[in-house]
Every structure is written in structure tokens, then in C-alpha cells.
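Visitor: Sharing a structure, written as C-alpha cells. Questions coming.
Throughout, read-outs are computed from the coordinates displayed, never taken from laboratory work. In this text the structure is predicted, and so the values were computed from the model without any measurement. Note that we place each Cβ from the backbone using ideal geometry, even for glycine, and neighbour counts take in every protein chain shown.
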Amino acid sequence: MGYSIRTDRYRYTEWWLTNGDYGKFGDSDYDPDASRVVGDQASFVELYDYQNDPHETENLAYTQATAHAALIAELQARLHDSDSSDYVGDGWKKDLPVSPYGVPTSYPVTKSVWATLHQTPGHTTADLGDTKDPDQDGIPNLLEYAMGTHPFERNPAQVTMTRTTGAISLHYPQVSIRGDVSLIPEASASLEVPAWSTVSTTTTHTVGSKRMKEASLPTAGAAGFLRLRAVKE
Ligand SMILES: [Ca+2]
Ligand SMILES: [Ca+2]
């Protein structure tokens, strides 16, 4: 029987020899212990990296086992039961009354708590640095945090521009309860001689703690440029 664990990036699977078939429930050959693991070693293991290899062409557990040893050990520890050695490999602590992996008790309102909560297997603290973009969606982590998007899932572009007669506007999401980062829209009449000044914003849409913000710049009779700056407080 195969047992898998998935993260945002990896799939790790172990194949274990088990007792046999369940048979048909009610028949004399029905075996409720059919999934009991036989032996003390998995017959086959697989590790695939969906970021670099979405079609599962390279089993890293064999081709790059040494380089991925720490990751494999971490995923293995999470996959296995710890309550019964007979059932090692049977996955997700099925005999425990409650899951040992609880959801966060509160929404993270600091960058460091946010980073800790997102540190899933296969990722290091460095992956959650402010300027890193581990999901390669073009949104660095500090912006992912400020806008309420996910550091390891590709999000569509969050900042958009609209143009109306006499004005251009910038639209972007912001999590209102995160005080250690600011998103500051700024305007300048020229890019050759930039003189950036802060533009006031309005809220156009609210869902929970998330706000859609709009910053407008009148451009009547002249050019104008807008930018959005993230600042860590
Ligand atoms: Ca990103
Ligand atoms: Ca993202």
C-alpha cells in the first residue's frame, strides 16, 4: 500500500508491503487487518518536486537522495504513526483522537509569526526573507505578507492600474491589521527628475481584515507616475 504526504511543493510517498486484501465485508475471509504493515522497511520511496518537475519525471529519493536527506527525514517523520510500530507507514496518526497539527489560534499580525506559521517541510527561514520570492510569482515575501497572499503559492498580479479622463489610479489589496509593514502609494510628475510624494488612498472594498485600496492621481494637462512602496516599520 502506498502512503503519501503533500506540501505546497513536494510529494513524498512510501510503498509498504501489507497483510493482504480486505476481502468482502461479512465474508469469512474478510480481514480488518489487511492494511497492517508487514516488514520494517518501505519497499519503495518517491519524492517529487512540483516546482521544478511538475510532471514527476525525476524521483529525487533515488537520483538526489543525499541532497534531499533532511527533507525526506522531515516528511517521513510527519507521515509516520508514532503510536504503533506495527503500523509504521500507515499515515497521519490515525489512532489519535485529535490531530496533533492544530490550526493557528489567531491570524498572524507580525511578519515573524507569519513566517513561522508558513515554515512547512522543504522550506527554510531564508525562504521567508522579505525580498525572497520562493513561489516565483513576482511578489516578494514582504508584499505577500502585506497583501495577504501566500508565500508558496503563485498568486495572480495584485496591483492594477486604471485610467479615466484626467486621472490614473492604482489598486491594491492590504491586510489592515498588520502594523509592521506599510504600503505607500507615491506620485511623481517626472521619472527623469523624480520627486515622489505620498498619495492619499480610499478603501473601495472590504472582506474581513482585507481592504482593496485605491490611490488616484489627477493628470489633467500633464503626465503623472504612480508607484507602490512597501516599508517595514
Ligand atoms: Ca512570491
Ligand atoms: Ca504568492
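Visitor: Shape of the stretch 160-232 from its Cα gyration tensor (a ≥ b ≥ c, root eigenvalues): rounded if a/c is under 1.5, otherwise prolate when a/b > b/c, or oblate?
Guide: oblate
Visitor: Please report the net charge: other residues with Cβ closer than 10 Å to the Cβ of Lys232, K and R +1, D and E -1.
Guide: -2
Visitor: Taking neighbour Cβ counts within 10 Å as the exposure measure, how do Ile72, Ile184 sort from fewest upward?
Guide: Ordered by Cβ neighbours within 10 Å, fewest first: Ile184, Ile72.
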